[in-house]
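One structure is given below, encoded as structure tokens.
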Amino acid sequence: MHLSARKASLFSGHFYSFAKNDKMKRQGFTTRALNVPFPKTDPHHALQMPVYGAVAFEFDSSRQMAASFRGEYVAHVYSRSSNPTVEYFEVKLRELTGAQAVLAVASGMAAIADALLAIVGSGDNIIAGNHLFGHTYALFQQTFRDLGIEVRFSALTDPQEILGLVDERTRAIFFETVTNPQLEIPDIEMLSAVAREKNLVLVADSTMTPPNVFEAGNYGVDIEVLSTTKYVSGGATSFGGAIIDHGSFDWAKLPLMQPYARKFGKNALIARLRKNIYRNTGGSMTPQTALLQIQGLDILELRVSRCFGNCMGIGKFLSTRKEVTRIDYPGLPGNEFYALSRKYFRGIPGTIMTFDLATEDACYDFMDRLQVIRRATNLNDNKTLIIHPWSTIYAEFSEEERRTMGIRPTMMRLSLGIEDAADLIADIEQALG
Ligand SMILES: *Cc1c(COP(=O)(O)O)cnc(C)c1O
């Protein structure tokens, strides 16, 4: 075999080059998801990407092996670094997002930690939204602080306030597309303008709004991180994460990235991840998980639209009930963030909603009477899940801290699943009493 025959673009997130199908650009999300070709033809013409459960891959000769270790011959070597099934999941996400490169990792937290550690080092700082997923907040407040990386928190609503936080060691702005459980939506184009002005990397955690509703690259997001555990897994089937480089940031402008930018150009981020951060910290996705996540991508749009229908139906039902004192869902006209939801997410701002009853005890009694809706703490499962954030996720914080974070003792969070709307409504109706 000629070495050059398989010398392909390692750092664009796949190992074997294959013709991009331009016709696919004009097709819908699900059609495209189902038709991303395998990077390498399966000898049996299987319709599903096989699970390559191998840890290691064999070489034809010692010279070929040496060439591979020098980076001159592109092949899978060891599955912690890369694996054909995981690679297909990466290629699929790359094709669906039109991104420069995608790296799949073990979890959403691995995606956030790896992506940020690729661009910031000790002495650097980043600006982040002050309403964050709990463990992201803990990563910033504990792990990053111990590593000498400072995180400056902001409401991310006032460009002047954000600019005031920037100094010569600021490297990035990190935000969540829809905060949870506050369900606020930032003005992403405003954040992008601030980031451009100051040469900061704009990093979005878009877990709540997966790629079928949010085209991050169109709004100036440089790096998108996803907990694929949520929507993309197909409904709580497995843990996973993805780092998506939209190709819009000039990596030569970041000190840590310069050696990689000189050698790998537009693929500098993925190169620093693959050859350093990701490989050396070892948070890889398994091929077995990749299969579940590939199947999850195939049915992503179907699930999101079904969950969205349920969200709207239940939102409308709850708004007719006098026991319900407040409903927050940016998909409902009248919500403060409705216009931004339409602007950025085609009106589908995820499918998590919150609603309030008169008292904390009324919430417990209501939740205990539910028979179809489950009391559990995940998001975007196929099952509808309910939680009382005040007494669970945020219980470790003081009352005052909880209130500043927008958590109320009378509030419940509902993650809509794919059950039949009529059954969910009947369940809520009987539980309201
Ligand atoms: C769940 C979640 C994460 C963490 O994802 P894991 O896969 O559990 O590590 C990060 N960000 C958001 C917005 C999430 O909902």
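Values quoted throughout were computed directly from the atomic coordinates according to the rules given, and no laboratory measurement underlies them. Remember, it's a predicted structure, so these values are computed and weren't measured experimentally. All Cβ positions, even for glycine, are placed from backbone atoms using ideal geometry, and neighbour counts span all protein chains on display.
Odds and ends about this structure:
- For LYS322, a cut-off of 18 angstrom between C-alpha atoms picks up these aspartates and glutamates, skipping any fewer than 8 places away in its own chain: ASP356, GLU360, ASP361, ASP365, ASP427, GLU429.
- Only DSSP H runs of four or more residues enter the estimate; each adds -39500 (n - 2.57), and after division by the residues of the chain the mean residue ellipticity at 222 nm equals -9500 deg cm²/dmol.
- For the chain, relative contact order (Cα pairs under 8 Å, six or more residues apart, normalised by length) works out to 16 percent.
- Part-to-part distance (alpha-carbon centres) for the stretch 182-249 and the stretch 382-399, which is given in Å: 24
- The order of the peptides 26-34, 232-240, 170-178 by mean Cβ neighbours within 10 Å, most packed first, is 170-178, 232-240, 26-34.
- FRET E, pair ARG403, LEU34, Förster distance 51 Å, beta-carbon r, rounded to 0.05: 0.65
- Simple rule: put +1 on each Lys or Arg Cβ and -1 on each Asp or Glu Cβ in the chain, find the dipole, and look at ILE393, ALA339, VAL102; the Cα lying farthest toward the positive end is VAL102.
- Between the C-alpha center of the stretch 158-177 and that of the stretch 276-337 there is a gap of 27 Å.
- Taking every DSSP bridge with both residues inside the chain, close to 55 percent are antiparallel.
- Counting every alpha-carbon pair across the stretch 301-432, the share separated by more than 27 Å comes to 16%.
- Helix 287-298 and the long axis of the chain differ in direction by around 60°, with both axes built from C-alpha atoms.
- Counting only aspartates and glutamates at least 8 places from LYS40 when in the same chain, those with an alpha carbon closer than 12 Å to its own are GLU87.
- In this structure the amide hydrogen of VAL51, modeled in the peptide plane, comes within under 5 Å of no amide hydrogen from residues 5 or more places off or on another chain.
- Using alpha carbons only: equivalent-ellipsoid semi-axes of the chain, gyration tensor based, whole Å: 38, 26, 18
- Among 48-56, 393-401, 92-100, the peptide with the highest mean count of other Cβ atoms within 10 Å heads the list, and the full ranking is 92-100, 48-56, 393-401.
- A cut-off of 5 Å between modelled amide H atoms, ignoring neighbours fewer than 5 places along the same chain, links ALA128 with ARG152, PHE153, SER154, PHE174.
- Each residue, SER122 and LEU147, gets one label point 7 Å from its Cα in the Cβ direction; the gap between the two is 1.2 nm.
- Ordering of 218-231, 73-86, 364-377 by burial proxy (mean other Cβ atoms within 10 Å per residue, highest first): 218-231, 73-86, 364-377
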